[in-house]
1. How large is the convex hull of the C-alpha atoms of segment 96-150 per residue, in Å³?
2. Please list the non-local residues whose amide H lies under 5 Å from the amide H of K52, H modeled 1.01 Å from N, same-chain partners needing a gap of 5 or more.
3. Roughly how many Å² of I86 are accessible to a 1.4 Å probe, to the nearest 10?
4. Leaving ligands, DNA and RNA out of it, rank H51, H98 by accessible area with a 1.4 Å probe, largest first.
5. By the scheme Lys and Arg +1, Asp and Glu -1, what is the net charge of all other residues having a beta-carbon under 14 Å from that of G69?
6. Once every DSSP H run of n ≥ 4 in the chain is given -39500 (n - 2.57) and the sum is divided by its residues, what mean residue ellipticity at 222 nm do you get, rounded to the nearest 500 deg cm²/dmol?
7. Can you divide the C-alpha Rg of the chain by 2.2 N^0.38 Å and report the result to two decimal places?
8. Let's see if you can work this out: charge +1 on each Lys and Arg Cβ, -1 on each Asp and Glu Cβ, no other charges. What is the dipole magnitude of the chain about its Cα centre, in debye to the nearest 20?
Amino acid sequence: MYTKATKTDTTQEKDLIPDEERWISDHARKELGSDLVFAIEFPIEAGKFYHKMDRERGVVMWGDLLFRGLEIATCPLRENDYETMIEQMKNAGLDVSHEGFKYYLQAFKYGLPQHGGCGFGIDRLVEKTIGLNNVKEAVLFPRDINRLTP
């Protein structure tokens with residue numbers, strides 16, 4: 001929809017670009033009356049080894065929650081099948097026999113239930129909710145390339 005509306009081809013991107021996030025949010029506000037919208041069905045190439053994939057549809061089982069033009073949360077399902085996890089790790093170039101993966105993989109081998117999560121950017125939510133100009137204004141000790149302490 002973004003590519004068609006703006007004539008900017010983002011179909012080869014693995015994730016949304018900032019302009020696309022803003023456009024989707026504007027579209028959701030105008031067409032749906034909502035400041036919140038989930039962007040879903042990212043291509044498998046965007047997934048990490050620990051993500052659940054829907055191979056039939058060629059998508060990663062994750063969604064980004066957009067709020068007023070900004071991604072404020074990423075909500076993926078995690079792979080929980082041992083054999084699939086091993087395959088995805090190998091495909092990602094990881095050494096599944098490395099000692100560092102021993103206990104991680106053990107959980108999958110002996111039965112890890114389906115699970116997921118939500119990486120929530122509370123600072124971004126505060127920025128957009130109260131109308132700040134920059135996320136650094138919502139952070140007690142903001143960091144950037146010129147400020148690492150405090």
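1. Convex hull volume per residue, Cα atoms: 163 Å³.
2. Amide H neighbours of K52, under 5 Å, 5+ apart: M61, L77, R78, E79.
3. Accessible area of I86: about 20 Å².
4. My answer, sorted largest first, is H98, H51.
5. -2
6. -9000 deg cm²/dmol
7. Expressed relative to 2.2 N^0.38 Å, the Cα Rg reads 1.26.
8. Here the size comes out at about 260 debye.
The values are calculated or read from the model by the stated rules, or taken from the named source; none is laboratory data. Predicted, not measured: the structure shown is a model, and the values here were computed from it. Neighbour counts run over all protein chains shown; Cβ positions are idealised from the backbone, glycine included. SASA here: full protein model, heavy atoms, side chains in, ligands and nucleic acids out. Shrake-Rupley method; radii C 1.70, N 1.55, O 1.52, S 1.80 Å.
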